[in-house]
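Undergrad: Below you will find the structure I want to go over with you.
Laboratory data are not the source of any read-out in this text; all were calculated from the coordinates shown. This structure is a prediction, so every number in the text was calculated from the model and none was measured. Backbone-built Cβ (ideal geometry, glycine too); neighbour counts: all protein chains shown.
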Amino acid sequence: MKDSLAAPASRSPGAALKSRAAHRWKGWRRDKLLYLMILPGFLYFVAFKYLPMGGLIIAFKDYQPFLGLGGSPWVGLKHFERLFAEPTFLMLLRNTIVLFLMDVLLVFPLPILFALLLNEARARRFRNAVQTLLYLPHFMSWVIIVSICYVFLSVDGGVVNEALASVGLPRIDFLTSPEWLRFMYIGQIIWKELGWSTIIFIAAISAVDPQLYEAADMDGASRLRKMWHVTLPAIRPVIITLLILKIGHTLDLGFEHMYLLLNSINREVAEIFDTYIYTAGLKNGQLSYSTTIGLFKGLVGLALVMLANRLAKKMGEDGVY
Amino acid sequence: METKRMKQAGLTLLGCALLLSACSGNGAGGQAEGKGSAGANAGAAGTGGAAEPAEPVSITWLNVLHTASPPTGTVVKKIEEATNTKLSFSWIPDASKEERINTSLASGSLADIVTLTILDNSSVRSALKSGMFWEVGPYLDEFPNLKGISADTRKSASIEGKLYGVPLQKALARNGVIIRKDWLDKLGLPLPKTTDELLQAAKAFTEQDPDGNGMDDTTGFTDRSDLVYGAFKTLGSYFGTPNVWKVENGKATPEFETEGYLNTMNYMKQLYDGGYINQDFAVTAKTDQQQKLAQGKAGIYVGALFDSKNLLNMAKGVQDGMELAMVNDITAPGQPRALWSANNGIGGLLAFPRSEVKDEAELKRVLKFVDDLMSEDIYALTTYGIEGVHYSVDADKAATITNQDLWQQEVQPLAGSRPKDYDYAIHDADKLKQEADRLIAENADYAVLNPFYSLESQTWSTQGSELQKIITDATYKFILGKIDEAQFKAEVEKWRKSGGQSIIEEYEAAYKQAGH
C-alpha cells in the first residue's frame, strides 16, 4: 500500500500527501452510511470503555471521595509498592495462577472433546437433547449452583456425606477444607459451563468441508483417524482464538463464584485478586488501593494476550489481531 | 392510590438521579445530581425554620434494611402524618451496606438523613472527620427526646470529641444462652449456670436422644459463621475475655492475646470434637442456624436473647412441644459474671450531610423529625404498627401482634430505623419477649465495654478489618483442629508484624491523650 503510493517518483512528497488526503476524504464520503452505522458502537466504546479509564489515575493518588478526583493528593507509586510488599500479594498471585492453570488444563479441553463426541453421535435427536440438557446449567446463577453444592456437600446431613457414611467411609468436610476448594471450584465451572462452551466448537465442526471426510473415507481412515486428521486440524484456528481470549482473562477468574465459596478456613487457597479487591476496596473503602490491584490485573492480562498472540502467529495461526 | 403512584414516580426519579450521579463518575458531578431532589426539600424546610410549617417537609433518608424487602403501605404514611413530613427512603440491604455506603459517600449521592451503622469502617470514619456531616452535639439539648441521650452514649458515639449524628441507642448487652427447656427436663438436667454444665447439657443433647425419636439426629449447639454475634464472643465473656481490647496501666492487649480467648477456643474445640455443635458452623448462615433449633435438630442457641420469641414462632407447627429457657448468668470457674457490649450500645449514627441539609434551620427541622421518631407514639408505630390493624393492646400497654404477616411486611422493616429501641411504656405481651427484655436490662450491670471504641487509630481504620481476618481465620482453624496453639500464636505474631503493633501503639497514645 505504502509502496504503491510512493512509487511514482515524479510526484513531489507534498502532492503525494495531498492526493492521499483527498483519497481518504473520498473514501469517507463514499462510505458515509457505513461510518454512520459504526458510530453508535464507536460512541459506546468511548463512553463506557475509554472514558472510565480516566478514573485509573486514582491508582496514583490517595483518593478521598469528598476531596474529589482533582483534590486528592498525588502519591506516585505508593499503592503499587504496598501491593508488591504485602505478603497477601504472593498468595493472591499463587492462588490465581494455580486456578487459571487448572482452568486451562482441565476445563478448556473438555468442550472440545465433548464436541467431537457429540459430532460422532448418529442420532440427531439424541445429540440435540444432550446438548440442550448440558447447557441448561449455564443459565443458573452462581448463587444457585454454590447453594446446591452446599446442600449436597454439607457435613451435617449433606447427601454426599450421608452416602459416604452409609458405606462406612469417613465424612469429608468439603466446604471447610483448603484441599477440596480448588476441585470444588473447577468441578462447578465444568458443570455450569461445559455445555455452553461446546456450542462454538460444534458450530466450527459443522463448518468442516464434508469433502474432506469423503476423501478420508476413500483412503480408508477410521473414525478416530478422521477425528485426529480432519476435524481437529480444521477447528484449530477456533481453538487457538478461544485459548488466547481465555489467557487474557488469566487473572480475571470471576468474583461472584469464588466469593461464595470463600470462608475463613479455605482463604489461603481461595482468596484471589477479584475477591480481595472487593473486601479491601469496596467494603473497606480503600478505593485507590483496589484500583491499583485492578490496574495490575489488567496489565498482566494484556501482556499475556500479546504473548499468546505472538506465539500463535509463530505457530502459523492467525491470532486475534 | 394516587399518592402511591406519586410516590412511585418520585422514587423512580430519585433512582434515576442516583443512577446519573453514579454514572457521572466523579464526586463533584455526583453531588450536583444528587441535590436535584433534596434541593426542593431545602426550600420547604428553610422557609419553615424550626417552627412547624403548614406544608409537610420532604425528607430523604438513606436507610439500612434488615429484612428482605422494604416496608409497604400504611405505616410510613402514618409516620408522615404524625411528623408532618413527606418521606422518601432509599434502602440499602444490610448485607451490602459496606459497599453501598462507601460508594454513596464516594459519589456524593446522599440524602437528608444517612444511617451509618459501621462507624469503624475507614471511609465512613474519614468522611465523618472530614466535616462532610453536621456536628449535632450542640443542638441535641434543644429537643425533648434527644436531650435524654446520656452523656456516656454521646461520648461513646463521638469521634475525637465531636458527635456527627444522632446515635442509635441499643441495649448495652443483649446476648445470652437460649436452651430447650423441655429437653433439659426430659433428660433430668438442671438449667445450666456454668460453662461446664452447659457443656454437659450439649453433650446430653447430642448423645441421649432428647427428642426421643430413637435416632442420633440432634446436636447441642447450633452456631453460625460469626465469631462476634454468634456463640464465640458471648462464651468468651464467660471465660473473662475482654471486649476487643484490654487496657491495664496504659498498656493495651488485644483480646486474642488473653487467657480467656484461648480458653474459649479450647471450649469451642471441645464442642466441635465431641460433635456437640453443628459440624458446619464455620459456614452456616444465620437463618440456617435458627432453622436447626426451630426444627429440633439442636437445643442450644447463643445470641441475642430477644431471638427467643422469633425462634419459638419459627418452631410452630414443626416442634410444637418446644419450650425455651433463657440464661444470662453463666460463668466459667473462677470468673466473675460478664457480658460483652456490642459497640458499647451504639447501633450507629443518623448523620446529616452538609451537601443536602443546607443550613442550621434545615438541620433543626430534620432533628425535630428524629426527635419525633423517638416519641412513644412513633415508637409504637415502628415497633408494633397500627393499633387494630397490626396489633391489639390491653390496659397494661401490653401489645400483641394480631396480623403477623402484615406486620412482617409493613412494620418489621422499620424496626431498624428506630433511634432508640428500649425503655418505652408500651411493651410486648409475649412472656418470652418480656423475659428477654428483663434479662437484657439486667445484663447492662455486667456489660464489658470496648475501652477504645471512640478512640482513633489510623492503622485500625485503614487496615483493621484486613488484619482481623488473620485472627478470625486462625481462630476457626484452631477450633477445627487444623492448627495448634503454637501455630495460633504464630498467626498472632503475624498480625502484630503486619500492622497490629502500630494499632496497639496508636491506641495507647490515643488513650493517654484522652486523659487516662
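Undergrad: Given R₀ = 35 Å, FRET efficiency for A:Val143-B:Asp423 by Cβ-Cβ distance, to 0.05?
TA: 0.30
Undergrad: Set the Förster radius R0 to 22 Å, insert the Cβ-Cβ distance between B:Glu248 and B:Arg337 as r into 1/(1 + (r/R0)^6), and round the FRET efficiency to 0.05.
TA: Once the sixth-power term is evaluated, E becomes 0.60.
Undergrad: Run the dipole for chain B about the Cα centre, Lys and Arg Cβ at +1, Asp and Glu Cβ at -1, nothing else charged, and hand back the magnitude in debye, nearest 20.
TA: That gives a dipole near 860 debye.
Undergrad: Would you mind giving the mean number of other chain beta-carbons within 10 Å of the Cβ of each residue in A:260-266, as a whole number?
TA: Partner Cβ neighbours, averaged per residue: 5.
Undergrad: Taking chain A as a Gaussian network, Cα atoms linked when under 10 Å apart, which of A:Pro73, A:Pro178, A:Pro137 shows the biggest mean-square fluctuation?
TA: Greatest mean-square fluctuation among the candidates belongs to A:Pro73.
Undergrad: Name the shape class, rounded, prolate or oblate, that the alpha-carbon gyration tensor gives for the stretch B:322-451, where a ≥ b ≥ c are the square roots of its eigenvalues, rounded holds for a/c under 1.5, and otherwise prolate holds if a/b is larger than b/c and oblate otherwise.
TA: The shape class here is oblate.
Undergrad: Enter the Cα centre distance for the pair the stretch B:261-320 and the stretch A:190-222, rounded to the nearest angstrom.
TA: The stretch B:261-320 and the stretch A:190-222 have Cα centres spaced 55 Å from each other.
Undergrad: Separate question: Considering every residue in A:284-291, what mean count of other chain Cβ atoms within 10 Å of its Cβ is obtained?
TA: 5
Undergrad: When Cβ neighbours within 10 Å are restricted to other protein chains, what is their mean count per residue of peptide B:475-484?
TA: 2
Undergrad: Could you list, in their original order, any pairs among B:Lys86/B:Lys397; B:Lys170/B:Lys233; B:Lys170/B:Lys309; B:Lys292/B:Lys469 whose Cα atoms are separated by more than 23 Å?
TA: B:Lys86/B:Lys397; B:Lys292/B:Lys469
Undergrad: In addition: Under the rule of -39500 (n - 2.57) per DSSP H run of 4 or more residues, summed and divided by the residues of chain A, what mean residue ellipticity at 222 nm is obtained, to the nearest 500 deg cm²/dmol?
TA: -20500 deg cm²/dmol
Undergrad: Once amide H atoms are built 1.01 Å from N in the peptide plane, which residues 5 or more positions from B:Leu168, or in another chain, come under 5 Å H to H?
TA: B:Gly347, B:Gly348, B:Leu349, B:Leu350
Undergrad: Please identify, among A:Tyr35, A:Tyr135, A:Tyr259, the residue showing maximal mean-square fluctuation in a Gaussian network model of chain A using a 10 angstrom Cα cutoff.
TA: Its mean-square fluctuation being the largest, the pick is A:Tyr35.
Undergrad: Can you give me the long-range amide H partners of B:Thr85? Hydrogens built in the peptide plane at 1.01 Å from N, cutoff under 5 Å, separation of 5 or more residues or another chain.
TA: B:Val57
Undergrad: For chain B, what does the helix formula give at 222 nm: sum of -39500 (n - 2.57) over DSSP H segments with n ≥ 4, over the residue count, nearest 500 deg cm²/dmol?
TA: -14000 deg cm²/dmol
Undergrad: Among A:Val155, A:Val46, A:Val269, whose mean-square fluctuation peaks in a Gaussian network model of chain A (Cα, cutoff 10 Å)?
TA: For chain A, modelled as a Gaussian network with Cα springs under 10 Å, the answer is A:Val46.
Undergrad: Something else: Which order results if A:His79, A:His229 are arranged by neighbouring Cβ count within 10 Å, fewest first?
TA: The order, fewest Cβ neighbours first, is A:His229, A:His79.
Undergrad: Roughly what would the spin-label model give for A:Trp25 and B:Ala285, points 7 Å off Cα along C-beta, in nm?
TA: Result for the modelled spin labels: 6.5 nm.
Undergrad: Sticking with this structure for a sec: Rounding to the nearest 10 and keeping the result within 0 to 90°, find how far the Cα-based axis of helix B:431-443 lies from the longest principal axis of chain B.
TA: 90 degrees
Undergrad: Please arrange B:Phe352, A:Phe60 by how many other C-beta atoms lie within 10 Å of their C-beta, fewest to most.
TA: The most exposed by this proxy come first: A:Phe60, B:Phe352.
Undergrad: Does the stretch B:458-513 come out rounded, prolate or oblate by the C-alpha gyration tensor, with a ≥ b ≥ c the root eigenvalues, rounded set by a/c under 1.5 and, if not, prolate when a/b is larger than b/c and oblate if not?
TA: Prolate, since a/c reaches 1.5 and a/b exceeds b/c.
Undergrad: Please list, in order along the stretch B:263-275, the HN-Hα scalar couplings obtained from phi with the Karplus expression 6.51 cos²θ - 1.76 cosθ + 1.60 (θ = phi - 60°), rounded to whole Hz, x for Gly and Pro.
TA: Listing the rounded values in order: 4, 5, 4, 5, 5, 4, 5, 4, 4, 5, 4, x, x Hz.
Undergrad: About the Cα centre, and with charges only on the beta carbon of Lys, Arg (+1) and Asp, Glu (-1), how big is the dipole of the stretch B:91-195? Nearest 20 debye, please.
TA: Roughly 460 debye, rounded to the nearest 20.
Undergrad: Considering only B:Pro210, B:Val357, B:Asn249, whose Cα is most displaced toward the positive end of the charge dipole of chain B, charges sitting on Cβ of Lys, Arg (+1) and Asp, Glu (-1)?
TA: Toward the positive end, the furthest listed residue is B:Val357.
Undergrad: A further question on this structure: From the backbone phi of the stretch B:143-157, what are the Karplus-calculated ³J(HN,Hα) couplings (6.51 cos²θ - 1.76 cosθ + 1.60, θ = phi - 60°) in whole Hz, Gly and Pro given as x?
TA: Listing the rounded values in order: 10, x, 7, 5, 4, x, 5, 5, 4, 4, 4, 4, 5, 4, 8 Hz.
Undergrad: Read phi for every residue in the stretch B:366-382 and hand back ³J(HN,Hα) as whole Hz from Karplus 6.51 cos²θ - 1.76 cosθ + 1.60, θ = phi - 60°, with x for Gly and Pro.
TA: 5, 4, 4, 4, 5, 4, 4, 4, 7, 6, 3, 4, 6, 4, 4, 4, 7
Undergrad: How do B:Lys186, B:Lys477 rank when sorted from fewest to most other Cβ atoms within 10 Å of their own Cβ?
TA: B:Lys186, B:Lys477
Undergrad: Can you give the angle from 0 to 90° between the axis of helix B:195-207 and the longest principal axis of chain B, with both taken from C-alpha atoms, to the nearest 10?
TA: 80 degrees
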